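Some notes on the structure that comes next.
We did not get these values from a lab; they are worked out from the coordinates using the rules stated. Only a predicted model underlies this, so the values are computations on that prediction, with no experimental measurement involved. Backbone-built Cβ (ideal geometry, glycine too); neighbour counts: all protein chains shown.
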Amino acid sequence: MFIQDEYAINPYLTLTPVLRWSYYNRKPTTDNNDKFGLASRSDSKVTPGITLTLSPSKQLSFYASVQTGYRPPFLDELYTSIEYPEFGMYSVVLPNPDLKPEESINVEIGVNGDYKSLFSDSDRFVFHANVFRDRVKNLINAGATGDMDFTDDGDMILYYSIDNVGKALKTGFETSADYYPGNADFHLSYGYLHAEDKNTGEKIPGLTPMQATLRAGYTYKPWNVNGWYRMRLFKGGKSNLETAWNSGEYKQLGGFATHTLGLTWKPQIKDWADFTLTFSVDNITNKKFRYLNGGYGVGRSYRAWLSATF
């Protein structure tokens, strides 16, 4: 449950308090609960927050925000179990039904801008930038357990799991800009993230330190169809894969980019609904890559989705 209100202190200052109540309850329905560790779990949390916004003009606003957060683990984080055999080695992902919810205090300072007719009579320029500092208790993060075993044939077995980092600090910034010169549209965004284990002072492995997105499109207005191209760049860095078993030193993985082509159609049915239908082809170069959390990415994918506003 979520409630939010706005209070205009004066024509330039706005105060926005928010209050969220989160509740989750998971209960197994099988007859082998004890065997598989599927224990029942239930919890709730009230998380308030407040934002102060300064708007010197209709086009420009600055804000400062303090929010508290709470995120129970998803079911696939709790119970996903995989055995992946490779040549001379097995990778096993273990379920973790004892995963605790994340709790956080998030501080953010940012600016928003929305300007029309900036460079021509029909263009629009929108931008956003912020810096953040998140203190997280029980951060949910994937990684190696440090355990190792061998099969009867002598093949090595490495174990992975999704676990909690007791205390973590995440800092960084995000920025984005959108420009609409007539029928064309351009989007650029960039984000930087530094995450550190407060108990050890070490950087938390497996989290992408920098990401960027470039998107360009063109709309054929008689049909209200937008064709677009998107490139996403992921910077390499410290993975959660150890250089040697139980060494405490982690491999550095390289960065990569993925490319997407898409088509978005927005038919409008007057006085009833606005539809958005999108079809895209992702990773059109069929590039093989590896995320810093150890996961593999490969293969071209085709996506289609439909949304409607009534």
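Key figures for this structure:
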{"read-out": "Value in Å of the Kirkwood radius, where the chain supplies the Cα pairs that are averaged", "value": "23.3 Å"}
{"read-out": "Inter-probe distance in nm under a simple model that places probes 7 Å from Cα toward Cβ, at V111 and K27", "value": "5.3 nm"}
{"read-out": "Separation of alpha-carbon centers, region 1-16 and region 224-253, rounded to whole Å", "value": "39 Å"}
{"read-out": "Within the chain, longest stretch clear of exposed GluC sites (Glu not before Pro) (DSSP loop, no more than 16 other Cβ within 10 Å)", "value": "7-201"}
{"read-out": "Estimated inter-spin distance, F256 and Y296, nm [label 7 Å along Cα→Cβ]", "value": "1.0 nm"}
{"read-out": "Overall form of region 168-226 per C-alpha gyration tensor (a/c, 1.5; a/b vs b/c)", "value": "prolate"}
{"read-out": "Computed label-point distance, nm, for sites M148 and D178 using a 7 Å Cα→Cβ extension", "value": "5.0 nm"}
{"read-out": "Dipole magnitude of the chain, debye to nearest 20 (Cβ charges: Lys/Arg +1, Asp/Glu -1, about Cα centre)", "value": "1000 debye"}
{"read-out": "Distant-in-sequence amide H partners of K198 (H built 1.01 Å from N, under 5 Å)", "value": "K167, A168, L169"}
{"read-out": "Two-site FRET efficiency, D155 against W305, from Cβ-Cβ distance with R₀ of 45 Å, rounded to 0.05", "value": "0.60"}
